[in-house]
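> First the structure, which I've put down as structure tokens, then a few questions once you've had a look.
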Amino acid sequence: MSESNVHYFKLLEKKHEVEEDIFKKLGNLQDFKKKRAEQQKKKARDNREREEQLLDKLDFEAKGLNDKALKSEVNAKKKEANIAEKEYKIRDFERRAIKVEEEIVQLEIELKEVESDISEHQSGSSAQKKESFPLEPTVLENE
């Protein structure tokens with residue numbers, strides 16, 4: 001039992017906390033990528049259905065069925081609106097995924113720093129460095 005052990009276990013606790021945060025962020029990233037893929041699939045389906053409606057419109061016009069042609073054109077316009085909505089959602093999920101990826105990079109940097117601190121602590125050099133070269137000014141230095 002010593003202050004050194006307390007410090008060591010605090011560092012270990014911090015390390016595992018950061019690892020946990022990384023895994024949570026990775027889960028969020030997977031969710032965003034999955035949702036983006038779902039929206040891309042729906043967008044592709046809407047594009048197909050819009051094209052089918054436009055083909056139906058041409059077919060109905062050729063047959064002289066203007067009412068049905070107009071209905072097909074209206075349905076195609078609705079699909080275009082759905083496609084625009086899907087594109088917005090896709091961009092939103094991509095933006096959110098990029099943000100999470102950046103957060104993961106920051107957490108990985110933090111993890112490396114904590115692992116370095118643990119390694120220094122285990123080698124016994126960190127206590128000596130901190131005592132001989134304080135990083136922050138102390139109250140005594142101001143007097």
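> Near Glu101, within a Cβ-to-Cβ distance under 12 Å, what is the net charge of the other residues, with Lys and Arg +1 and Asp and Glu -1?
For residues surrounding Glu101, the net value is +1.
> D for region 3-122, whole µm²/s, Stokes-Einstein with Kirkwood Rh over alpha-carbon pairs at 10 °C and 1.306 mPa s: what number?
After rounding, the answer is 87 µm²/s.
> Can you give me the convex hull volume of the Cα atoms of region 1-55, divided per residue and expressed in Å³?
Normalising the Cα hull of region 1-55 by residue number yields 30 Å³.
> Another question about this same structure. Looking only at region 65-106, which residues have a backbone nitrogen under 18 Å from a spot 7 Å from the Cα of Arg48 in the C-beta direction?
Under 18 Å, as judged by backbone N against the label point of Arg48, lie 76, 79-80, 82-84, 86-87 of region 65-106.
> Also, quick follow-up: Quick check: pseudo-label points 7 Å beyond the Cα along Cα→Cβ at Asn66 and Phe9, how many nm apart are they?
8.6 nm
Bear in mind these aren't lab numbers, they're just calculated from the coordinates by the rules spelled out. Just so you know, these numbers come straight off a predicted model, no measurement behind them. Methodologically, a virtual Cβ is constructed for each residue, glycine included, from the backbone with ideal geometry; neighbour enumeration extends over all protein chains shown.
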